[in-house]
Amino acid sequence: MSPSDSDFVARFLLEELDIRGAFVRLGESWRSMLARRDYAATVRELLGEMTATAVLIGSNLKQPGRLSFQLKGHGPIGFLFIDCTEQLHLRGMAQAAADVAPAPVSQLFGDGHLSLILQNASAREPYQSLVPAAGETIAAIFEHYLLQSEQQPARLLLTAGEEHACGLFLQKLPGADAKDADGWTRIELLAKTVTPDELRTLTAEALLGRLFPEEAVRLFKPRPVVYDCPEDRDKVSQMLRSLGRAEVESILAEQGEVVVHDDICNHTYRFGAADLDELFPPDGPEPRTLH
């Protein structure tokens, strides 16, 4: 597999400067997310940039859990949604008008906001955060969010298209100024020289060597990223059982079949009269219904 087709995130540390970072490139996983979705190019680009960002941030998860981001507004793009587990399993979607022209993010989302939900197996309740979408790009919005939430500046360099979604992340750690007062400014300037083509094609080693040739970079082992949104007919069946047989029969009588679409995973499930006995076995327990 060539570097440009691999799906990975590689974290690194500029040890003499107390600056941490990560590099992500998504190929097959990103294309799988786009499959059978007819997003406008602008929507696809923003969703890809947010997907890359979610992986960069999600790669720091230490315990079993799921990190979900939603950028929501009232413009031509209704929302972008991405979530990522600690195992770097991805899923996501966008809701937008059919034709969205390029424009600043503030115009595309209107009065938008960014929400974060962190579900952790060890926590009773998920952690939730909601902040205004402050910025004209996906990178600027997340940089603002990280500065507010972690009190440390960060930089994101992102690119996304039909084939790849890529990103470079840098964050200044609390001890950086004590080690080198000009270090963060220097690294920022060097990082901004990266090109979209370099993000799409270079290995992590080559990219960091090109950007920071004079720095001591500790590169950690790359971790694989996968798109994980399988079909789950059993879950949909349970939902239909909760409606009760009478309600399902009523839908069948009116429409001929019951059609359920999973927007996040982009799967469609169809149930006909022949499925009734499987959904509601004659000798099975009476299901609890929703009212």
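Summary of values
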item	result
Residue match in segment 178-190 (condition: modelled with pLDDT of 95 or more, surrounded by 14 or more Cβ atoms within 10 Å (Cβ to Cβ), assigned by TED's automatic domain parsing to the domain that holds residue 59 and among the small types (Gly, Ala, Ser))	no
Condition check for residue 66: within 22 Å of residue 140 (Cβ to Cβ) and either in the same structural domain as residue 119 (by TED's automatic domain parsing) or within 14 Å of the chain's Cα centre (by Cα) (or both)	no
Wholly enclosed strands (runs of 3 or more DSSP E) of segment 12-101 bearing at least 1 residues farther than 30 Å from residue 218 by Cβ	65-72, 77-85, 89-96
Test set (1) touching a strand residue (DSSP E or B) at 6+ places or on another chain (Cβ under 9 Å); (2) surrounded by 15 or more Cβ atoms within 10 Å (Cβ to Cβ) - residue 224 fails condition number	(2)
Subset of segment 124-149 that is in a loop (DSSP other than H, G, I, E, B) and in contact (Cβ under 8 Å) with a residue 24 or more places away in the chain - its residue that is surrounded by the most Cβ atoms within 10 Å (Cβ to Cβ)	133
Condition check for residue 248: in contact (Cβ under 8 Å) with a residue 24 or more places away in the chain and either loosely packed, with under 14 Cβ neighbours inside 10 Å or not assigned by TED's automatic domain parsing to the domain that holds residue 55 (or both)	yes
Residues being out of contact with any Gly (no Cβ under 6 Å at 6 or more places or on another chain) and either aliphatic (A, V, I, L, M) or over 23 Å from residue 79 (Cβ atoms) (or both) - total across segment 248-268	13
Filter result for the condition that a residue is farther than 30 Å from residue 23 by Cα and either aromatic (Phe, Trp, Tyr) or buried (at least 16 other Cβ atoms within 10 Å of the Cβ) (or both), over 202, 243	243
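The values are calculated or read from the model by the stated rules, or taken from the named source; none is laboratory data. Just so it is clear, the structure is predicted and the values come from calculations on it, not from any experiment. Here the Cβ is made from the backbone with ideal geometry for all residues, glycine too, and neighbour counts use every protein chain on show.
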